[in-house]
Every structure is written in structure tokens, then in C-alpha cells.
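Taken together, the values in this text are just the output of simple stated rules run on the coordinates, not laboratory data. These numbers come from a predicted model, not from an experiment. All Cβ positions, glycine included, derive from the backbone under ideal geometry; neighbour counts span all protein chains shown.
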Amino acid sequence: MKHQKTYYKTETSADDYTVIIEGPLTSNELNQFTFDDGLDAFRQPKDQFQALLEIADLNEGRIIICRIDNHIIGYVTFLHPDPLERWSDGNLPFIMELGAVEVTLPFRGYNLASHMLELSIKDHFVENYIIITTEYYWHWDLKNSGLDVYEYKNLMIKLMKRAGYEVFQTNDPEITGHPANTLMARIGRNINDEQMQQFDEIRFKNRFLI
């Protein structure tokens, strides 16, 4: 499902810094900026920035960033689910995944993740999709947050709810493997009953097999 990418931009502050939140951006636009070394939750920063460049040029891919001057200090990614995951079963074009949300440590606590998520849903394209996010405790920065897994889970749920996401049940082994792991999704206004049924079937795949 191809959709014209509509650019949005806003500003906020963090201490004495002006932080620009903008996107979605192309790889050429992203290449104008530097990438913070603290953005290493998923892979090494250099490799993660390369992943963002690749996602940015996908038809459905969307990268939202927050930056100070020309330095990226946070990002959010959107793309179709990984082909190896159950969420891609049936190649349903209306299912997208919020792949990652990350803000570098010195600038956490300024609601930058919320600002990026809120900017991402200004584009009406989101109303044509079910956008899922799989929250796994092993991606969370428990050490620096000082929170336990359940406190962090509640923090993530609260964050995602600000952008219209809600908790959904599933029998996916990676989610059910730990009680802190969570599936959330934002259901676009244009999603119909048949699409919701297909989403339900993926959430509870093989539930009737013995």
C-alpha cells in the first residue's frame, strides 16, 4: 500500500536546547545529520543509522527524528513487519509495525518520545493501518531508568496510549514468554471488520490446534 509521505515538523525544548521533531525523512535528508553514539539499544549506532537509511526509502517506511541542530538524538521507525515474524503472515498490506523508539540517555525525561509519536499520527496515512508495537523487556534500559520490568512496562503502555495505541492479547510465544512483554496496536479509523478479523487470526494463530 503506497502512500505519499507528508512531512511534519515541530519544536520543543530540553534545558537550554531547542529540539526539532520532524519527519518522515528520506535517506538523503537523514544523511545531512550526525547520529548520537548513545542510540545503541538495538545495535551499534553506525549500524542502526544504516538501518534507518534503508527504512526511510521503503514505500511504507517512515522515520521520525528529534535533533539538536544537525545531531540526531532520537528516532521512531515505521515499516511492514519482518517477514520472519507472525505479524507478516498473509502479507497483509494494512499491518505496519512501530519498529523502534529510542532517545539518547542525556535527553530522556523531556517527553521527546511522546512528541515523536504524536507527530507520527498527524499524517492521515495512519488511519489506513493497524500499527502494532511489540514491547519486549530485553530492549528496555532498566539499568539507567532505575525501574523494574513491570514499572517500565507501565511506562511504555502510558507512552503508547498518548498516540492512540492500546494493549491487545496474543498467544505469540515471544509475548507470552514473559509477563512484562506486551503487544499494543493503534487501529486506524479506516480499518474495517474484515481486516480486524484477519488481525485477530494472526494474534491467536494456531489456537485451535492440538
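Of note:
- Whole-Å semi-axes of the range 1-98's equivalent ellipsoid (Cα gyration tensor): 26, 16, 12
- If only the Cβ of Lys and Arg carry +1 and only the Cβ of Asp and Glu carry -1, the dipole of the chain around its Cα centre is close to 340 debye.
- Here the scattering of the range 8-203 is modelled by Debye summation over its C-alpha atoms, one equal scatterer each and no solvent; at q = 0.11, 0.14, 0.19 Å⁻¹ the log10 of I(q)/I(0) is -0.49, -0.81, -1.51.
- Lys pairs under 26 Å by Cα in the range 8-203, provided they are eight or more residues apart or on distinct chains: 12
- Coil-residue GluC sites (Glu not before Pro) of the range 92-165, DSSP, other Cβ within 10 Å capped at 13: none
- Semi-axis lengths, largest first, of the ellipsoid equivalent to the range 128-210 are 25, 18, 7 Å, with √(5λ) applied to each eigenvalue of the Cα gyration tensor.
- Annotation note: trypsin sites (Lys or Arg not before Pro) in the range 120-187 located in DSSP loop regions with a Cβ neighbour count of at most 15 within 10 Å are Lys122, Arg162.
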